[in-house]
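The values are calculated or read from the model by the stated rules, or taken from the named source; none is laboratory data. Computed from a predicted structure; not experimentally measured. Quick reminder, even Gly has a Cβ in these numbers, built from the backbone with ideal geometry, and neighbours come from all protein chains shown.
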Amino acid sequence: MTHTTLAMHMANELLSVPVAVATLVLAAAALVACSWWASRRLDAERFPLMGVIGAFIFAAQMINFPLPGLPGTSGHLGGGVLLAILLGPAGAVVTMAAILVIQCLVFQDGGLLALGCNVINMGIVPAVLGYGVYRLVLGRKGPAGASRQYVAAFAAAVAGVTAGAALVPIQAHISGVLAIPLRSFLAVMVGVHLVIGAVEGAITFAVVAFVRHVRPAALGADPAAAHQKLSRNALIASLLVTAALLGGVVSWFACGDPDGLEWSYQEHRYTAADAAIANDSSAVAGVEAWQARWAPMPDYGPEGWTSLAGLGGTVLTLVLVYAAARLLRKRRAIQPDDT
């Protein structure tokens, strides 16, 4: 089948059609459940943040950074754990699903068949598992100190990123497309993503530290008990400006090396194997061709268009997630309170 390099996320060729369909159904069911939960449980402080945090994560994901100790390889922010810390797991899954849909359909970033896996690996697993680690380290009795919260955020990011990455070899193995031993692919993926997770942990730590300093209420603190240096609108404005700078300016200087997933199965050379993946499915090839034909800006456009793609994707994400948040909030307003 024709090989197509995708920018960041899991590609069509890593899956068989039955596994793709099963994971799409599972991801859709989880998304419905998370939407229901968010509409009933997400607090009023966090609803307005969904769109702007989603835009921030989209823009930040465009910044590939070189990995220390792994020349020729890069990583990028996943953002699922950060979303869960700021929005709760349910809000995080809804927001990440919107980001991944835009990346897939508009930019051909991640396969259409792999959309369910990408939602699971980058949204559901980091949001649920990562947030669980975050709460476990943070503790549930009384307000947590700053150091404990930062350690919790870092540990959660490492755990969430690594666990999501570990699912990719398993999903490819179940699909029957692995041309190498599962343990080899799994070991490389986990090793690379432990490094990526450490960098993401540092980024998550920095954002949580900023939000805790200027707007503790956005992290669940009592607005009346904690001093708020920025209003909610000021926090939103600061995140929007940062997202615009990341997507429109910093993305131009992003590392061009293959990211951890792409390197692990396309660039990394395994003993006695010409390729890590062997997928000859005509159905997969057909979906790949359809996606390439209809994506408005595949691979984020021709050379020199990165800034436009970054800004356009940031705005699209803001609009889509904001609309989803408005819908969830409206549903919450018309639903009777649980008694």
Evaluate segment 1-17: report whether one residue or more is at pLDDT below 95, surrounded by 23 or more Cβ atoms within 10 Å (Cβ to Cβ), outside any helix (DSSP H, G or I) and of a type outside the set (A, V, I, L, M, F, W, C).
yes
Give me the pairs, please: first residue somewhere in segment 183-205 and farther than 24 Å from L239 by Cβ and in contact (Cβ under 8 Å) with a residue 40 or more places away in the chain, second residue anywhere and part of a helix (DSSP H, G or I) and polar (S, T, N, Q), beta-carbon distance under 7 Å, and either six or more positions apart or on two chains.
F185/S264; V188/S264; M189/S264; V192/S264; H193/T162
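Among the residues of segment 218-248 satisfying the criterion of being in contact with a helix residue (DSSP H, G or I) (Cβ under 7 Å, 6 or more places away or on another chain) and not in a helix (DSSP H, G or I), which is nearest to L138 (Cα to Cα)? Full working, then the answer.
Initial filter on segment 218-248 (in contact with a helix residue (DSSP H, G or I) (Cβ under 7 Å, 6 or more places away or on another chain)): 218-219, 223, 226, 228-230, 235-236, 239-240, 242-244, 246-248.
Of the ones still in play, those that are also not in a helix (DSSP H, G or I) are 223, 226, 228-230.
Details: P223: 19, A226: 18, Q228: 21, K229: 23, L230: 24 Å.
If we take residues in segment 218-248 being in contact with a helix residue (DSSP H, G or I) (Cβ under 7 Å, 6 or more places away or on another chain) and not in a helix (DSSP H, G or I), then A226 is nearest to L138 (Cα to Cα).
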In segment 283-293, residue surrounded by the most Cβ atoms within 10 Å (Cβ to Cβ) [restricted to those that are out of contact with any Ser or Thr (no Cβ under 8 Å at 6 or more places or on another chain) and touching a residue at least 12 places away in the same chain (Cβ under 8 Å)]
Q291
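Among the residues that make up segment 8-22, is at least one of them on the phi > 0 side of the Ramachandran plot and either of a type in the set (K, R) or touching a helix residue (DSSP H, G or I) at 6+ places or on another chain (Cβ under 8 Å) (or both)?
no
Please enumerate the residues belonging to segment 243-275 that are over 20 Å from N121 (Cβ atoms), in contact with a Ser or Thr (Cβ under 9 Å, 6 or more places away or on another chain) and small (G, A, S). First the steps, then the outcome.
Restricting attention to segment 243-275, the residues satisfying the condition of being over 20 Å from N121 (Cβ atoms) are 243-257, 269-275.
Subsequent filtering for residues that are in contact with a Ser or Thr (Cβ under 9 Å, 6 or more places away or on another chain) retains 243-244, 246-249, 251-252, 254-257, 270-271, 273.
Selection gives A243, A244, G247, G248, S251, A254, G256, A273.
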